[in-house]
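The values are calculated or read from the model by the stated rules, or taken from the named source; none is laboratory data. Note that the structure is a prediction, hence the values are computed from the model and not measured. FYI the Cβ positions are ideal-geometry reconstructions off the backbone, even for glycines, and counts take in every protein chain you see. Keep in mind that these areas ignore ligands, DNA and RNA; they rest on the heavy atoms of the full protein, side chains included. Shrake-Rupley method; radii C 1.70, N 1.55, O 1.52, S 1.80 Å.
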Amino acid sequence: MMELSKRNLKRKAPEEDRAIIDFSLNELNQDLLERVLSWLPTSSFYRLRSVCKRWSSVAASASFRLACSQIPTREPWFFMVDSHLDQSIVFDTAERNWKNLNHPVLVKEDNPSFSSIPVASSGGLVCFRNNSGDLFVCNPVTSACKPLPPLPASAQNQALNAIAMNSYSRDSYKIIVVFGEIPNLSVRVYDSSRGFWEDKFMLSRKGDESAGSDVSGDETLYFLSKAGDVVATNMQRSPSKQYSSVVTVKDGEEIVYFLSLSGTVVACNLNKKCFLEYPRLLPVFLEYSIDIVECRGEMLVVILSEFLESASLRVWKFSERERSWRQVAAMPPSMSYEFYGKKTDINCVGSGDQILICVNSSEFSTNVLCDVATNEWIELPKCFVDGKAKDFMSAFSFEPRIEACV
């Protein structure tokens with residue numbers, strides 16, 4: 001009998017613990033309860049409503065969102081992009097798993113082809129662009145969405161180089177659009193605090209010539225590849241990364257970086273209203289895939305290249321003092337070797353010390369997470385939906401914040 005009693009006690013202990021926890025939370029006043037719940041992972045937001053009526057009301061309250069805004073940082077989520085654009089799938093870096101969110105209402109039911117693709121992200125928001133060139137800003141966690149005012153007709157007729165986003169405060173953000181062809185670049189900025197597009201301004205080239213580039217601007221050259229194919233120096237980007245760009249703020253100066261058609265990195269200083277091209281990392285006649293990311297306020301370049309029957313995937317940073325590129329991370333050869341000879345394309349996004357790299361070719365697709373600080377490379381598990389593995393073309397990073405306002 002004694003042994004049986006001990007077993008019963010062991011069985012009841014967890015229930016008693018839960019009762020104590022429930023009792024304690026129920027005894028908290030509304031303000032304190034909201035403060036406690038605000039520290040839960042954002043993924044818990046979806047489960048709050050089903051716990052009880054009180055918690056459901058907390059999840060919908062403005063004061064709870066204010067409490068969430070006091071949390072300094074959230075572990076990033078990566079908003080994944082596939083070819084169908086019919087679902088919102090994210091990779092949660094805190095829980096290291098895939099999540100399927102409610103898709104923002106950006107597809108017209110009467111015309112499914114009239115869909116939108118993400119083109120930029122910052123803070124807790126993602127910017128989308130539809131087939132007509134209209135821009136929308138969405139919070140992927142809450143599905144809140146806001147269309148931006150249309151760009152002036154004169155801007156819509158210009159070549160579009162980059163769309164960047166910068167959340168400069170909890171409640172405000174900028175959408176920065178770079179138009180034109182090098183060296184005739186212009187910029188328009190939408191500031192959410194003002195609610196309209198500011199007047200266009202032109203960018204002048206810093207210095208007389210590009211910084212050591214053997215091909216200036218968008219000039220196209222043609223060469224023979226190792227396979228005997230004619231290859232153009234103009235880059236072909238996936239639709240979601242066609243206007244790939246990043247924003248950094250250095251010494252109070254806002255700088256937008258994007259890749260020119262010839263593969264050079266272009267830096268646009270919005271405060272000084274000038275731009276420059278960085279020296280080319282690899283010779284123009286080499287075949288390679290390149291992308292730019294932002295990590296902890298620094299612009300980095302990720303390059304997948306082939307040399308001597310091997311492939312290498314490396315991360316580079318430009319040294320302003322030495323005026324040259326230096327390597328900061330490299331994928332182990334045992335991982336990059338499988339990319340050789342498969343005409344592989346990479347699309348990347350950075351957040352903190354992490355870079356998510358979407359690797360695609362006609363033969364395979366994979367996603368790799370790189371920690372730049374430790375040079376650790378991890379291949380992410382496959383994401384399955386309805387029993388089928390998803391192939392992702394690209395990704396955009398954001399902080400999962402239910403309080404982020406569009």
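At-a-glance table
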{"read-out": "Sequence ranges 343-349, 126-132, ranked by mean other-Cβ count within 10 angstrom, highest first", "value": "343-349, 126-132"}
{"read-out": "Residue 146 paired with residue 87, simple spin-label distance in nm, labels 7 Å along Cα-to-beta-carbon", "value": "3.0 nm"}
{"read-out": "Projected label distance in nm at residue 388 and residue 153, using a 7 Å step from Cα toward the beta-carbon", "value": "4.3 nm"}
{"read-out": "Carbon/sulfur fraction of accessible area - the stretch 323-406, other protein chains in place, 1.4 Å, %", "value": "52 percent"}
{"read-out": "Accessible area in square angstrom per residue, the stretch 118-161, 1.4 angstrom probe", "value": "37 Å²"}
{"read-out": "Low-density loop positions, trypsin sites (Lys or Arg not before Pro), the stretch 270-342 - DSSP coil, at most 16 other Cβ in 10 Å", "value": "272, 273, 296, 321, 323, 342"}
{"read-out": "Distance in nm between pseudo-label sites at residue 29 and residue 324 (7 Å out along the Cβ direction from Cα)", "value": "6.5 nm"}
{"read-out": "D_trans [Stokes-Einstein, Kirkwood Rh over alpha-carbon pairs] for the stretch 305-406, 10 °C, 1.306 mPa s, µm² s⁻¹", "value": "103 µm²/s"}
{"read-out": "Computed lengthening from residue 71 to residue 170, 0.36 nm per intervening residue step minus Cα-Cα distance", "value": "34.5 nm"}
{"read-out": "Accessible solvent surface per residue of the stretch 295-335, calculated while the other protein chains remain in place, 1.4 angstrom probe, Å²", "value": "56 Å²"}
{"read-out": "Order by protection proxy (mean Cβ within 10 Å, highest first), peptides 87-95, 380-388", "value": "87-95, 380-388"}
{"read-out": "Gyration tensor (alpha-carbon) shape descriptor, the stretch 348-404, a/c threshold 1.5", "value": "oblate"}
{"read-out": "Debye log10 I(q)/I(0) for the stretch 271-317, one point scatterer per Cα, at q = 0.26, 0.27 Å⁻¹", "value": "-1.07, -1.11"}
{"read-out": "Violating pairs (Cα-Cα greater than 19 angstrom) within the set 174/273; 250/273; 99/342; 174/250; 250/272", "value": "99/342"}
